1. Using the Kirkwood radius built from alpha carbon pairs, what does the Stokes-Einstein equation give as D for region A:7-76 at 37 °C and 0.692 mPa s, in µm² per second?
2. Around A:Lys16, what is the net charge, scoring Lys/Arg as +1 and Asp/Glu as -1 over all other residues with Cβ under 11 Å from its Cβ?
3. Tell me the relative contact order for chain A as a rounded percent, counting alpha carbon contacts under 8 Å between residues six or more apart.
4. A 18 angstrom limit on the alpha carbon distance is what I want to check against. Which of A:Lys77/A:Lys100; A:Lys16/A:Lys160; B:Lys75/B:Lys106; A:Lys77/A:Lys131 exceed it?
5. With 10 Å bins from zero, work out the P(r) of region A:83-241 over every alpha carbon pair and list the percent per bin.
6. In Å, what Rg and Dmax follow from the Cα atoms of region A:2-172?
7. Compute the whole-percent fraction of alpha carbon pairs in region B:164-247 spaced more than 14 Å apart.
8. Using a 1.4 Å probe, what is the accessible area per residue for region A:111-181, in Å²?
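The values are calculated or read from the model by the stated rules, or taken from the named source; none is laboratory data. Given the structure is predicted, the values throughout are model-derived calculations rather than measurements. In this analysis, Cβ positions are derived from the backbone assuming ideal geometry, glycine residues included, and neighbour counts consider all displayed protein chains. Areas reflect the complete protein model, heavy atoms only, side chains present, ligands, DNA and RNA absent. Shrake-Rupley method; radii C 1.70, N 1.55, O 1.52, S 1.80 Å.
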Amino acid sequence: MSVLIFIDAAEGQVKKASYEALTYGAKIAEQLGVTAEGVVLSNVSEDLASLGKYGVKKIYQVSNDALDHMDAQVYTKVIAQVAEASAATVIVFSNNVDGKAIAPRLSARMKAGLVAGAVALPDTSNGFTVKKNVFSGKAFANISVATPIKVISLSPNAYKIEAGEGTAEVVPFTATVDTPKVKVTNVTKASGEIPLTEAEIVVSAGRGLKGPENWGMVEDLAKVLHAATACSRPVADAHWRPHNEHVGQTGYAIAPNLYIAIGISGAIQHLAGVNRSKVIVVINKDPEAPFFKAADYGIVGDAFDVVPKLTEAIKKIKG
Amino acid sequence: MKILVCISKTPDTTAKIAFTDNNTKFDVNGVQWIINPYDEWYALVKAIELKEADPSTVIHLVNAGGADADPIIRKALALGGDEAIRVNTDSHDSFYIASQLAEVAKQGSYDLIFTGKETIDYNGSSIGGMIAELMDLPYVSLATKFELSGTKATVTREIEGGEEVCEVELPVVVSAQKGMAEARIPNMRGIMAARTKPLKVVEPVAADSLTTVAGFGLPPAKAGVKLVDAENVDELVRLLHEEAKAI
Ligand SMILES: Cc1cc2nc3c(=O)[nH]c(=O)nc-3n(C[C@H](O)[C@H](O)[C@H](O)COP(=O)(O)OP(=O)(O)OC[C@H]3O[C@@H](n4cnc5c(N)ncnc54)[C@H](O)[C@@H]3O)c2cc1C
Ligand SMILES: Nc1ncnc2c1ncn2[C@@H]1O[C@H](COP(=O)(O)O)[C@@H](O)[C@H]1O
């Protein structure tokens with residue numbers, strides 16, 4: 001028996017979210033007294049055996065050109081075959097873009113109960129219960145899974161990556177691979193940018209910045225912190241910033257280590273997407289801004305004055 | 001062209017989140033219910049746009065829920081659905097709900113099935129993928145753009161740090177998010193018309209439930225904000241570095 005972890009990669013690169021899933025899955029395996037195994041469906045430039053340091057003992061690698069792009073229908077069938085070979089009782093995904101497409105399909109295919117967006121290890125003391133966020137992070141729920149096989153997708157940034165010693169045995173796996181019905185014709189990636197949902201630090205700004213021309217100081221701050229940039233909904237709606245920066249209840253839900261909110265009032269719908277951030281810093285000129293109630297640190301002041309100073313101060317400690 | 005749009009009912013985004021019955025039930029007291037924003041703003045409006053481009057298009061709405069979902073279904077009809085089907089159930093298990101929706105979808109032989117990206121209460125992001133698997137259809141999730149030419153759909157979907165354009169032959173299941181369309185408000189004519197549009201209630205088919213909610217909880221409250229003087233940003237940096245260990 002095993003815990004099988006889906007190792008998600010893009011352009012030959014294992015995604016950070018997969019290291020989290022590997023660490024998390026290996027911990028579950030330890031808890032259940034079974035082995036942790038991985039499955040990878042693409043060619044990865046990284047030495048797969050070295051992923052053993054996260055606790056996986058064995059990695060099934062399926063190589064097939066039809067798997068170059070993620071097609072949930074095709075991937076699901078292949079992962080189901082690997083799951084059977086590995087006698088998996090728990091299958092772990094990251095609840096990222098690919099996980100959201102594949103995990104539900106696999107759950108339906110294998111009639112294996114799914115917990116989407118888990119934030120902690122399962123409680124196996126009495127059955128199998130997993131904690132996840134609900135109501136856009138305003139609450140959590142403990143979900144009991146009654147089926148013999150369980151599918152868990154782990155919320156990004158919810159579980160700390162831990163690396164130890166060890167190498168994994170990499171075994172080629174021959175699977176029946178269908179021809180994808182979804183054909184990818186074009187991929188655009190903002191190169192060098194840190195994907196918002198994976199970022200450790202996020203610098204975000206709202207309508208308090210007055211206009212798109214003032215985002216330079218936000219980007220400067222993000223740069224010294226190696227942070228991703230985000231914005232409130234009205235900012236994206238007004239096309240000051242691209243839609244893929246919109247965080248909140250109807251945008252991305254994120255959980256970075258540090259969230260810096262500049263000129264954002266802190267409306268309940270905004271907080272819903274960012275309240276799982278570990279540390280929240282608010283910069284707002286209005287001391288009554290509701291965001292201060294949800295913040296860990298705050299500066300009451302004019303963003304145009306505070307933000308450039310903050311960037312300089314950080315530069316100093318970063319040397 | 002026949003389109004099925006999956007519509008769910010969620011608490012208003014400002015609703016107070018509290019629980020009753022020893023933290024096993026969401027407290028519905030005083031809660032305003034809305035159409036899940038992703039279903040309304042993106043999935044449904046996209047379907048309406050497709051109908052505007054080709055008036056022979058038929059839009060059906062489906063909801064798995066109790067009679068208390070009827071008002072939001074009527075609102076969706078007012079926005080532009082032609083008729084609605086409600087599967088009478090109170091279940092919250094994704095697989096059970098997806099099984100019901102897939103059954104309706106099979107009966108109606110739709111060319112296109114739209115869901116929202118996720119419900120803002122249970123945040124499963126799961127129903128669309130499950131329906132696709134139960135029907136053995138392709139699934140394009142987290143779509144931000146959708147165009148149709150004949151029976152071929154060109155869909156843009158989100159990937160980490162970018163987007164991907166893909167092509168797929170109908171029928172297909174698509175989950176919609178921001179970018180797909182712009183939110184609309186129902187007009188008087190739509191509201192009047194919605195009163196007489198068919199809303200059919202069907203009983204659920206036999207299906208398994210794979211999960212149950214054992215209990216809910218609220219995250220611990222924040223300790224309170226530490227304010228730093230605007231003239232002293234160095235102090236903020238020191239706190240973030242030494243105390244919070246965040247930078
Ligand atoms: C159904 C629904 C869903 C929604 N979903 C989302 C969502 O997903 N995400 C989201 O963000 N919003 C969402 N909203 C909108 C939300 O209610 C707020 O309207 C929005 O978050 C406000 O954005 P803001 O804080 O940038 O702007 P404002 O509310 O206008 O706040 C601007 C802030 O900047 C401050 N400020 C002004 N000048 C300066 C200065 N020079 N220096 C420092 N501070 C300054 C002001 O004091 C103020 O607090 C949703 C609303 C609804 C109804
Ligand atoms: N009870 C329901 N009835 C109809 N559609 C639903 C229901 N629950 C979820 N959906 C659809 O599935 C999408 C994803 O829901 P979820 O997997 O719960 O996050 C929603 O945006 C809806 O389009």
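1. Numbers: Rh = 12.6 Å.
Result for D is 261 µm²/s.
2. Working: positive: A:Lys15; negative: A:Asp8, A:Glu20, A:Glu198, A:Glu200, B:Glu160.
Charge balance in the 11 Å sphere: -4.
3. Working: 704 pairs, mean separation 46.9, N = 319.
Once normalised by length, the contact order is 15 percent.
4. Numbers: A:Lys77/A:Lys100 15 Å; A:Lys16/A:Lys160 11 Å; B:Lys75/B:Lys106 25 Å; A:Lys77/A:Lys131 27 Å.
Cα-Cα > 18 Å for B:Lys75/B:Lys106; A:Lys77/A:Lys131; rest within.
5. Calculated over all Cα pairs of region A:83-241, the distribution is 8, 24, 29, 24, 11, 2 percent.
6. 14.6, 44
7. Working: 2993 of 3486 pairs.
Within region B:164-247, distances greater than 14 Å cover 86 percent of Cα pairs.
8. 45
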